Amino acid sequence: DYAEVLRAWHRALWEAHLTTAFAHPEHDLSAYRMVVVPQLYLLTDTAIENLLAYARAGGTLVCGFLTGVADEDDRVRPGGMDERLRDLFGIRALHEWWPLDAGESIACDGFSGTLWSEEIEPGPAAVVEARYRGGELDGLPAVLRKGTARYLSTLPEPPALRALLAAAAHRAGVRPVLDGLPDGVEAVRRGDLLFLLNHGRGPVTVEVPGGHRDLLGGVSVRDSVRLERHGAAVLAP
């Protein structure tokens, strides 16, 4: 299921037009305004301390279920999740894992959760942003926040996951490279260059305020550029 979870989180960020990079959990994360951890079952103490330091320095950390369960020797940590991470996310106790069957979902505030759910007891400093509704987990946290750290104990359906990550990014000051990008268009900056990629099957017009030179087409454009089906442009100022 790990690949499914990773694809779901990456797709949610991509559809929100948020550029992503992969980073090792033990490496310096200070350059990132937001770090997302879709799922990391096994974490070393060094990685955990690194994530803690990042969040305590004000970085926005969004973490998915089954993270920090085991140490580097694959020994399950006491309580089902590392105690330091439980404190970071405002989890007093993780009582039970509730995996969902294929095709099964669980009702939450404003969305349906899929794949997984957990019986979590929140701590006094935690803010419950979404609760499970109905069933044996009724009223328990589906999404929990403490400070700038959030924990998702289920996999929200795609529109909900996209909205949740986009809202967290907005609060962290993370914005798409361009406002108003059409669906299926990817915009990435590398230095002074703006790369535009149309992943769609039809032509689109992308608003790019100001004057630019399209290095691929060898033409100048102003305020907008047309991308053909699966087309691309590399714009220089």
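Number of residues in the stretch 8-29 that are without any contact (Cβ under 8 Å) to a residue 60 or more places away in the chain and part of a loop (DSSP other than H, G, I, E, B) equals 10.
In the stretch 165-191, the qualifying residues are those that are more than 18 Å from the chain's Cα centre (by Cα) and loosely packed, with under 13 Cβ neighbours inside 10 Å, and the one that is farthest from residue 150 (Cα to Cα) is 191.
Which one of these is open to solvent by 30 Å² or more (accessible area, probe 1.4 Å), farther than 18 Å from residue 89 by Cβ and more than 16 Å from the chain's Cα centre (by Cα): 44, 20?
44
Among the residues of the stretch 71-93, not a single one is surrounded by 14 or more Cβ atoms within 10 Å (Cβ to Cβ), closer than 23 Å to residue 125 by Cβ and either hydroxyl-bearing (Ser, Thr, Tyr) or not assigned by the TED database to the domain that holds residue 146 (or both). Restricting attention to the stretch 12-61, the residues being touching a helix residue (DSSP H, G or I) at 6+ places or on another chain (Cβ under 7 Å) and of a type outside the set (S, T, N, Q) number 16.
When we screen 161, 235, 227, 137 for residues that are buried (at least 20 other Cβ atoms within 10 Å of the Cβ), under 14 Å from the mean Cα position of the chain (by Cα) and hydrophobic (A, V, I, L, M, F, W, C), the only hit is 161. Taking every residue in the stretch 167-182 that is on the phi > 0 side of the Ramachandran plot and pairing it with any residue that is open to solvent by less than 30 Å² (accessible area, probe 1.4 Å) and not in a helix (DSSP H, G or I), at least 6 positions away or on another chain, the pairs with Cβ-Cβ distances below 9 Å are 173/60; 180/206. Looking at the structure I just gave you, is residue 206 buried (at least 20 other Cβ atoms within 10 Å of the Cβ), touching a residue at least 24 places away in the same chain (Cβ under 8 Å) and either assigned to a strand (DSSP E or B) or small (Gly, Ala, Ser) (or both)? Answer is yes for this residue.
The values are calculated or read from the model by the stated rules, or taken from the named source; none is laboratory data. Owing to the predicted nature of the structure, the values given are computational and were not obtained by experimental measurement. Virtual Cβ from ideal backbone geometry, glycine too; neighbours counted across all protein chains shown. Ligands, DNA and RNA are excluded from the accessible area calculation, which covers all protein heavy atoms including side chains. Shrake-Rupley method; radii C 1.70, N 1.55, O 1.52, S 1.80 Å.
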